[in-house]
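Novice: The structure is given below, and queries will be raised subsequently.
The values are calculated or read from the model by the stated rules, or taken from the named source; none is laboratory data. Keep in mind it's a predicted model, so treat the numbers as computed, not measured. Heads up, the Cβs are rebuilt from the backbone with ideal geometry, glycines too, and the neighbour counts pull from every protein chain shown.
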Amino acid sequence: MSTARSTELTGLTAAQVAAAVAAGEVSAVEVTAAHLDRIAAVDSQVRAFLHVAADEALAAARAVDDRRAAGEPLGPLAGVPLALKDVFTTTDMPTTAGSRILEGWRPPYDATITRRLRRAGVVLLGKTNMDEFAMGSSTENSAFGPSHNPWDLARVPGGSSGGSAAAVTACEAPLAMGTDTGGSIRQPAAVCGIVGVKPTYGGSSRYGLIAFASSLDTPGPLARNVLDAALLHEAISGHDPRDSTSVDAPVPPVVAAARQADVAGLRVGVVTELGGEGYQPGVLARFGEAVELLESLGAKIVEVSCPHFTYALPAYYLIAPSECSSNLARFDAMRYGLRVGDDGSLSADEVMSLTRAAGFGPEVKRRIILGTYALSSGYYDAYYGKAQQVRTLICRDFDAAFEQVDVLVSPTTPTTAFAIGERADDPMAMYLADLCTIPSDLAGNAALSVPCGLAPEDGLPVGLQVMAPALGDDRLYRVAAAVEAALERRWGGPLLGQAKGLAAPPGRGEASGTGEAGGIGR
Amino acid sequence: MTRAVTLVSYDEALARYEPVIGLETHVELGTVTKMFCGCPTVFGAQPNSAVCPVCLGLPGSLPVASRAAIEYTIRIGLALNCSIASWCRFARKNYFYPDMPKDFQISQYDEPLCTDGWLDIAVGEQRVRIGIERVHLEEDTGKSLHVGGATGRIHGADYSLVDYNRAGIPLVEVVTKPIPGTGALAPEVARAYVTELRELLRALSVSDVRMEEGSLRCDVNTSIAPAGAGSWGTRTETKNVNSLRSVERAVRFEIQRQAAVLDAGGKIMQETRHFHEDTGTTTAGRSKEEAQDYRYFPEPDLVPVAPSPQWVAQLRADLPELPAARRGRLQADWGLSDLDMTALRNADALDLVEQTVAAGASAADARKWWLGELARRANETGTELAALPVTPAQVARVTELVTSGTLNDKLARQVLDLIVAGEGEPDEIVAARGLAVVSDDSALTAAVDAAITGHPEIAAKIREGKTTAAGALVGAVMKATRGQADATRARELILQRLS
Amino acid sequence: MPITRDEVAHLARLSRLALSEAELDHFAGQLDVILTAVARVQEVAADGIPPMTHAVPVVNVFRDDVVVPSLPREVVLSQAPAAEQGRFRVPRILAED
């Protein structure tokens, strides 16, 4: 395939790809091949993928083409390529969760998310890099090396779904799946200048999602625009009898809401506690402008205080490690995965300990120890128990807020993408990236990040976070689509149009320079 | 562990110490599938042939609770007079062990499904009400084979082989409150409790409760304190108690062992001990530096269980007649004394007698044959009563034939012997072997005449009025007819002839 | 409440992590900082506040007592670090259960 054709195809939105495939204007195989070419061209620099399944992807694409040729009806995303975070089990690809302890593991079953995507005719290109067991905000905790932000390869793409965000940003795939536990979809989306959504907890199935924190983990979509995210959101959502915590209610009408894109009369609350000191000025500036924009579009803006949000980070960093210390106990070298030290002289306990020491990275170890501590007899009430109570109070803050407003807004994360290595050995500094995203994870309600500009001081993307009540996912899309449309009118195109380097639309090396402060030099 | 253990004699121990016992019983439920997944609950299948991502604990797997298992648990709680929780959760019990797929067990901690019940038992004349602390639901672990050691046990093994078929099978744990005040009867009380519990579980059809197969497992807690001490001693927990007899022996041994320790001025260690079937002794498990901290927390992958009052009421209404009630009813119906009833239970003949009565026999007849002739046969051949190849229906038929006069006791015994030997149904045997009582006068008359002729002196005595002597002639008639004569009719004919 | 190196070592043993001396030192320092930060939850007065269960509260999610096909045996054992006689072979276990 010619580079021109390839770049043409990889610049399309998911909706456009699906329409073109359905109309017979292009074959699913051609689209997939184009994206595989793009991966081959850029991924040695971006390092979004841990595993590329070229043959399987082409076969899946061919199957879509066959179905189309046979006149069978195709779903709304048939033929669209997708990058799958390596936390979802796949029978035909290794699944590592970014960890040495699962290096090479071939699951004997597909995650429900995986099955639904395959059934929808989505083409799985491969598995993306992530912070080990979803613990991190930069992919620097991956056992296989970090991914790189296509806007500036010396910077992080965010985490833990950094590989997925980078893949979409660099046009290696129009869609990606991530998981969000403390912000792991929204924060990467924000620092990469794309859309990332954390649906209502339980909105889709966790069966086959390698667990980090069971009461927080939420699968969700990443895409370069709001409508694409909505289409993916709908494709994966819905009750699963294999997941006791999945919601048995109709999927909120997110695609319709994305098309509606209208905020007139909507009440929007700005969260007092999510801003101020510790936030990069450029982030606050772009956020402020986004709020003004909403007002100009007809929304009513009020300031809302959620006083317990200041305890969200500490509560999260008690609950998540506690649950993970238990969830990760199963990696004991007995049934699958890495086994170290079994020379016949050591006991099972010793082999377990050596294996886990060799197989887990430092952040995972830290959280396991922290979680074990917080659950210990004598400490439970003061730590884990207390954190769960604080969590209830945070829910009540949200409930009270949503009495006054329809959605809440804040910056998605306090800073733009930081440099690789900058926070690597400072856990607390790393944790601060989740400041704004964590409250929604604790409450289990719906939230997303949509690009709202580039920070003037570094020309890097800033994300606007929108939060809605549980099962109110459609409100997110209404607001995000309205903001996106208005901003793109202002910019003369998508934010990525202003990017340089690998974040720039393929085929266009230089930023167009229109609109906001242009992209970053390299 | 070959060090000789000092024991105090049982009587001595009980003279100076008061025991307190407690029992934790694990029951494998007889549901079709496992607790949290659809794998079958099989026994004896090929290793690792009944596992799936969930019960193997594969990364990404999630549990979904079995309604049937919860229902069975509630029924057990109701039968034990417990309160049923209106809202409760599963909890994770965290510890590392190779037979635990997730290295945590989904169980219940401070929110068990059933609490605060009781079960009445009897030891001889003594009635004891055993308090039930809780009944909760959890999942079973896999099973390990230990390879390389001398005895197949853990000690000295080189490695182990694990089969996860059993992992995830629903397990109900029934925990008694401490049982003080049983004195010297403590071992018997423990045994009687497990026996009664087992019968109850069988009546509920929730488990096949086979101790030898592991579907009913007992841990026995024992402590002793000096008589009149006012507080209880430190308790030990004894595992690997695999039969009713072992329950009794384990308690007895622990009392004696602990008495010896205390007598020597020592202290009882709170520890887990292992019961040895062959020696009837307990030995200490590996000592641990600290007590296990299981770091329980509510299971986030499951939602709370909130049995509705309607559901519980329905389950209560549908409970079958429980063993104690049934025994009371049968004892009244059959007009039996407590002693008679105990004899029936000890012989494991209760069900058989009930079924025989249901098939038409009188209770007295049914008891007579099962506890008499058939018990004797079972003893001789070393089989259990219920394993004899004769059915209650057949026994009932035999008693019916006796009542109607076709058979007498002696013939009936012969018929039963032949049934056990496999010769067929009672009627078939009677016909084939010609074993019916002869009461037809013509046949009898011949035998009577022959007897009279053969014993002239006795005949003379009868003519003189000594009717009691007729018995000897009846005997002769019976002998001549190989026991098939109707003795009563023969006597009548004799007296007729000689009066 | 500072967390000591010994406590970290104890927790590492509990969670089956064979940490090196250097790791123990390093983690103890870091965990101390983190623990101090997360201990802030204790500032919140939460008497009588129930702990959170689920975002969309639901009870009684059950499955029917119907068999679902298990995994094929070869598949189950194929990923095992070691297998023998159709079972998972594991190093010798020291503790009694």
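Novice: With respect to B:Gly422, determine if the residue is among the small types (Gly, Ala, Ser) and touching a residue at least 60 places away in the same chain (Cβ under 8 Å).
Specialist: no
Novice: Also: If the Cβ limit is 8 Å and pairs must be 6+ apart or interchain, which residue in the stretch A:103-125 that is within 19 Å of A:Ser164 (Cβ to Cβ) pairs with which residue that is aromatic (Phe, Trp, Tyr) and part of a loop (DSSP other than H, G, I, E, B)?
Specialist: A:Ala111/A:Tyr207; A:Thr112/A:Tyr207
Novice: Note down all Cβ pairs under 9 Å where the first residue falls in the stretch B:295-311 and is outside the structural domain of B:Tyr95 (by TED's automatic domain parsing) and within 12 Å of C:Val58 (Cα to Cα), the second is among the β-branched types (Val, Ile, Thr) and modelled with pLDDT under 95, and they're at least six residues apart or on different chains.
Specialist: Sorted first by the residue in the stretch B:295-311, then by its partner, the list stays empty.
Novice: Something else now. Working carefully through the options B:Gln355, B:Gln310, find the one that is within 14 Å of another protein chain (Cβ to nearest Cβ) and in a helix (DSSP H, G or I).
Specialist: It is B:Gln310.
Novice: Sort out which residues of the stretch A:384-408 are more than 7 Å from chain C (Cβ to nearest Cβ) and not β-branched (Val, Ile, Thr), and write them in order of number.
Specialist: Those that are more than 7 Å from chain C (Cβ to nearest Cβ) and not β-branched (Val, Ile, Thr): A:Tyr384, A:Arg396, A:Asp397, A:Phe398, A:Asp399, A:Ala400, A:Ala401, A:Phe402, A:Glu403, A:Gln404, A:Asp406, A:Leu408.
Novice: Return yes when A:Tyr477 is of a type outside the set (A, V, I, L, M) and either part of a loop (DSSP other than H, G, I, E, B) or surrounded by fewer than 22 Cβ atoms within 10 Å (Cβ to Cβ) (or both) and no when it is not.
Specialist: Criteria not met by A:Tyr477.
Novice: Look through the stretch B:84-123, keep the residues that are charged (D, E, K, R) and part of a strand (DSSP E or B), and return whichever of them is farthest from the other protein chains (Cβ to nearest Cβ).
Specialist: Looking at residues that are charged (D, E, K, R) and part of a strand (DSSP E or B), I get B:Asp120.
Novice: Further, regarding this structure: Kindly establish whether C:Leu24 is without any contact (Cβ under 8 Å) to a residue 24 or more places away in the chain, of a type outside the set (D, E, K, R), assigned to a loop (DSSP other than H, G, I, E, B) and under 30 Å from B:Gln292 (Cβ atoms).
Specialist: When the stated conditions are applied, C:Leu24 does not pass them.
Novice: Can you find a residue in the stretch B:50-58 that is in contact (Cβ under 8 Å) with a residue 24 or more places away in the chain, of a type in the set (Val, Ile, Thr) and buried (at least 24 other Cβ atoms within 10 Å of the Cβ)?
Specialist: So far as the stretch B:50-58 goes, yes, one or more of its residues are in contact (Cβ under 8 Å) with a residue 24 or more places away in the chain, of a type in the set (Val, Ile, Thr) and buried (at least 24 other Cβ atoms within 10 Å of the Cβ).
Novice: Let me ask another. If you check B:Ala190 against the conditions, is it small (Gly, Ala, Ser), in a helix (DSSP H, G or I), away from chain C (no Cβ under 14 Å) and surrounded by fewer than 20 Cβ atoms within 10 Å (Cβ to Cβ)?
Specialist: So B:Ala190 fails the test.
Novice: Within the stretch C:72-81, track down each residue that is more than 7 Å from every other protein chain (Cβ to nearest Cβ) and either closer than 21 Å to A:Gly344 by Cβ or outside any helix (DSSP H, G or I) (or both).
Specialist: Scanning the stretch C:72-81 gives a single hit, C:Pro72.
Novice: Identify all residues within the stretch A:385-418 that are touching a residue at least 40 places away in the same chain (Cβ under 8 Å), farther than 15 Å from A:Glu303 by Cβ and hydroxyl-bearing (Ser, Thr, Tyr); write none if there are none.
Specialist: Selection gives A:Thr412, A:Thr413, A:Thr415, A:Thr416.
Novice: Something else: I need a count of the residues in the stretch A:205-233 that are part of a strand (DSSP E or B) and more than 15 Å from C:His54 (Cβ to Cβ).
Specialist: Residues meeting the conditions: 6.
Novice: In this structure, does B:Arg153 turn out to be away from every other protein chain (no Cβ under 11 Å) and among the basic types (Lys, Arg)?
Specialist: No: the conditions fail for B:Arg153.
Novice: Also: Testing B:Ile130 on (1) buried (at least 23 other Cβ atoms within 10 Å of the Cβ); (2) closer than 26 Å to C:Arg13 by Cα, one condition comes back false. Which one is that?
Specialist: (2)
Novice: While we're on this one: Working only within the stretch B:363-410, note down all residues that are part of a loop (DSSP other than H, G, I, E, B), surrounded by fewer than 15 Cβ atoms within 10 Å (Cβ to Cβ) and on the phi < 0 side of the Ramachandran plot.
Specialist: Answer for the stretch B:363-410, where residues must be part of a loop (DSSP other than H, G, I, E, B), surrounded by fewer than 15 Cβ atoms within 10 Å (Cβ to Cβ) and on the phi < 0 side of the Ramachandran plot: B:Thr383, B:Glu384, B:Pro389, B:Ser404.
Novice: Would you pick out the residues in the stretch A:171-202 that are closer than 17 Å to A:Glu484 by Cα and aliphatic (A, V, I, L, M)?
Specialist: A:Ala189, A:Ala190, A:Val191, A:Ile194, A:Val195, A:Val197
Novice: Tell me whether the stretch A:190-199 contains one or more residues that are crowded, with 24+ Cβ neighbours inside 10 Å, under 22 Å from A:Asn445 (Cβ atoms) and small (Gly, Ala, Ser).
Specialist: yes
Novice: Residue under question is A:Asp228, and the condition is that it be more than 25 Å from B:Leu62 (Cβ to Cβ) and either among the aromatic types (Phe, Trp, Tyr) or surrounded by fewer than 24 Cβ atoms within 10 Å (Cβ to Cβ) (or both); does it hold?
Specialist: no
Novice: Can we say B:Ala359 is touching a residue at least 40 places away in the same chain (Cβ under 8 Å) and of a type in the set (A, V, I, L, M)?
Specialist: Against the criterion (touching a residue at least 40 places away in the same chain (Cβ under 8 Å) and of a type in the set (A, V, I, L, M)), B:Ala359 does not qualify.
Novice: Still on this model: Can you find a residue that is more than 30 Å from A:Val87 (Cβ to Cβ) and not β-branched (Val, Ile, Thr) anywhere in the stretch B:49-64?
Specialist: no
Novice: On to the next question. Run down C:Ala22, C:Ala12, C:Ala39 and say which single residue is surrounded by 19 or more Cβ atoms within 10 Å (Cβ to Cβ) and among the aliphatic types (A, V, I, L, M).
Specialist: C:Ala12
Novice: Working only within the stretch B:169-187, note down all residues that are touching a Leu at 6+ places or on another chain (Cβ under 7 Å) and either surrounded by fewer than 19 Cβ atoms within 10 Å (Cβ to Cβ) or without any contact (Cβ under 8 Å) to a residue 12 or more places away in the chain (or both).
Specialist: Correct list: B:Gly183, B:Ala184.
Novice: Same structure again: Yes or no: the stretch B:70-83 includes at least one residue that is surrounded by fewer than 24 Cβ atoms within 10 Å (Cβ to Cβ), within 13 Å of another protein chain (Cβ to nearest Cβ) and aromatic (Phe, Trp, Tyr).
Specialist: No, every residue in the stretch B:70-83 fails to be surrounded by fewer than 24 Cβ atoms within 10 Å (Cβ to Cβ), within 13 Å of another protein chain (Cβ to nearest Cβ) and aromatic (Phe, Trp, Tyr).
Novice: Condition check: surrounded by 23 or more Cβ atoms within 10 Å (Cβ to Cβ), free of Cβ contacts under 8 Å to residues at least 40 places away in the same chain, of a type in the set (Gly, Ala, Ser) and more than 14 Å from every other protein chain (Cβ to nearest Cβ). Does A:Ala48 satisfy that?
Specialist: No, not satisfied.
Novice: Within the bounds of the stretch A:354-370, is there any residue that is closer than 18 Å to B:Tyr294 by Cα, within 10 Å of chain B (Cβ to nearest Cβ) and crowded, with 20+ Cβ neighbours inside 10 Å?
Specialist: No, that holds for no residue.
Novice: Where residues in the stretch A:236-268 are among the small types (Gly, Ala, Ser) and assigned to a loop (DSSP other than H, G, I, E, B), which of them is farthest from the other protein chains (Cβ to nearest Cβ)?
Specialist: Applying the filter and picking the extreme gives A:Ala264.
Novice: Another one. Taking C:Val59 as the residue in question, decide whether it is closer than 18 Å to A:Tyr379 by Cα and at the interface with another protein chain (Cβ under 7 Å from one of its Cβ atoms).
Specialist: no
Novice: Output yes when any residue across the stretch A:332-350 is at the interface with another protein chain (Cβ under 7 Å from one of its Cβ atoms), aromatic (Phe, Trp, Tyr) and assigned to a loop (DSSP other than H, G, I, E, B), and no when none is.
Specialist: Yes: one or more hits.
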